[in-house]
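None of the figures in this text is laboratory data; all of them are computed from the coordinates on show. All of these numbers come straight from a predicted model, not from anything done at the bench. Here the Cβ is made from the backbone with ideal geometry for all residues, glycine too, and neighbour counts use every protein chain on show.
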Amino acid sequence: MAVNYTVSTFTGELDGAGTNANVFITIHGETGKTGEIPLGNREDNFEPGKHDVFSFAEKNVHKVKKITIRHDNSGEHSGWFLKKVTIEHGDSNKKWLCPCNKWLSTTEGDGKIERTLDCDEV
C-alpha cells in the first residue's frame, strides 16, 4: 500500500554547492525499500543555501532506516553539496533526519555522486 512522503533537501551555502543534475532518492525502511524516485528537476531546485520540498506516494517502508541519494552527473554544474535530507511519513506524521554534509561530485570531496545516509527519527 502506498503512503505519502515529503522529502526535503538542504543544499549547502558553499560556492558551487548547487547542481543542475537530475537527483534521485531511494528510501530504505524496516519493511523494505522504495523504488528509485526522481526528485523534481526545476531550474531553481538544489541551489546554494536552498531548501527544496518534494511530495510523492510510494511503497510504505514503515520506519525509515537510511536513504540512498544520487545524481546523474548531467548538466554544466553537476557537483552538489548536500547538507541534509528530512523525510516525513504522511500517515504516521513521523519525521527522520538524514545528515550528509558532503559533496556529491566527481570533482570535489571524495569524487562520489551517490551517498547512503543513516536516518534518525526526530
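Table for the structure above
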| quantity | calculated |
| --- | --- |
| Label selected from [x] 24, 14, 13; [y] 30, 17, 11; [z] 31, 21, 10, the criterion being semi-axes √(5λ) of the Cα gyration tensor in Å as computed here | [x] |
| Residue-span extension gain [K65 to K112] - 0.36 nm each, minus C-alpha spacing | 14.8 nm |
| Rounded FRET efficiency, nearest 0.05, which uses the C-beta distance separating A57 from E13 and R0 of 41 Å | 0.80 |
| Sorted peptide list for 35-46, 17-28, criterion being average Cβ within 10 angstrom, highest first | 17-28, 35-46 |
| Gap separating the Cα centres of region 58-122 and region 16-53, nearest whole Å | 7 |
| Separation in nanometres of the label points that stand 7 Å from Cα toward Cβ, at N4 and N93 | 1.3 |
| Charge dipole magnitude, Cβ of K and R +1, D and E -1 - region 2-121, Cα centre, debye nearest 20 | 440 |
| Dipole of region 2-121, positive direction: furthest Cα of T26, S105, P38, with charges on the beta-carbon | T26 |
| Prolate/oblate/rounded call for region 1-57, Cα gyration tensor, a/c under 1.5 rounded | prolate |
| Charge sum, other residues only, whose C-beta stays under 10 Å from F24's C-beta, Lys/Arg counted +1 and Asp/Glu -1 | -2 |
| Under 18 Å from the Cα of K33 - aspartates and glutamates, other chains or at least 8 residues apart | E58, E88, D91, E114, D118, D120, E121 |
